[in-house]
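Since the structure comes first, as structure tokens, the remarks are kept for the end.
Computed from the coordinates by the stated procedures, all read-outs in this text should not be read as laboratory data. Predicted model, so just to flag it, every value in this text is computed and none were measured. All Cβ positions, glycine included, derive from the backbone under ideal geometry; neighbour counts span all protein chains shown.
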Amino acid sequence: MKPLNIIVSFLFIYLFTACTTVRIVSDFDPSRDFSVYKTYRWVKVKESNPKDILAKDELLRKRVQFAVDKNLQMKGFSKLEEGEPDFVVFAHADVQGRMNVYHRGSYWYHPWWGPYGGYTSVSYYKEGTLVIDIVDNTDKELSWRGLGSGIVRHYSDTKELQEDIDLIVSEMLKSFPPVTEKQ
């Protein structure tokens, strides 16, 4: 392969991975038998965290709930409005300001000319985190948690907003239910 092709391929891979701004992490209780989960409902919160973005913005909360419902129902779970479900779903979100500092050190051009170049740049951005919790309804213990974090974008189109929420929630719920030894 020609050196130019290698460089172009590397740049393409770097740019493609740099565009992936959402980080997904999940964890679960390994002692839990997820095969018994068939039905769910959303948690009824009497008091919510004042920092919770979804508690403040009812329309955004409904968009997230729609995406979670769609994904869980595609996996075969049934949503209950009344009665006792197997698990309860709770979603919450937060936005925090972040700072990125990039420093490129100087290098020596020639021993007798001294250091050359070097700079530091600082940028500020907002990072949002969406958390989806699955709580066992029998013992009220956390069974599974998914987190999605990324740079907050501003949307002028609600269709594009819903598509991004659907994509993030879908990626988060890929690992639910987890495969455990009990199953």
Estimated FRET transfer efficiency when R0 is 45 angstrom, pair residue 142-residue 163 (beta carbons, to 0.05): 0.95
In sequence order, calculated HN-Hα J values of region 126-133 (Karplus, 6.51, -1.76, 1.60; Hz; x Gly/Pro): 10, 10, x, 10, 9, 10, 10, 10
5 angstrom amide H check on residue 152, placed H, neighbours 5+ away: 126, 127, 128
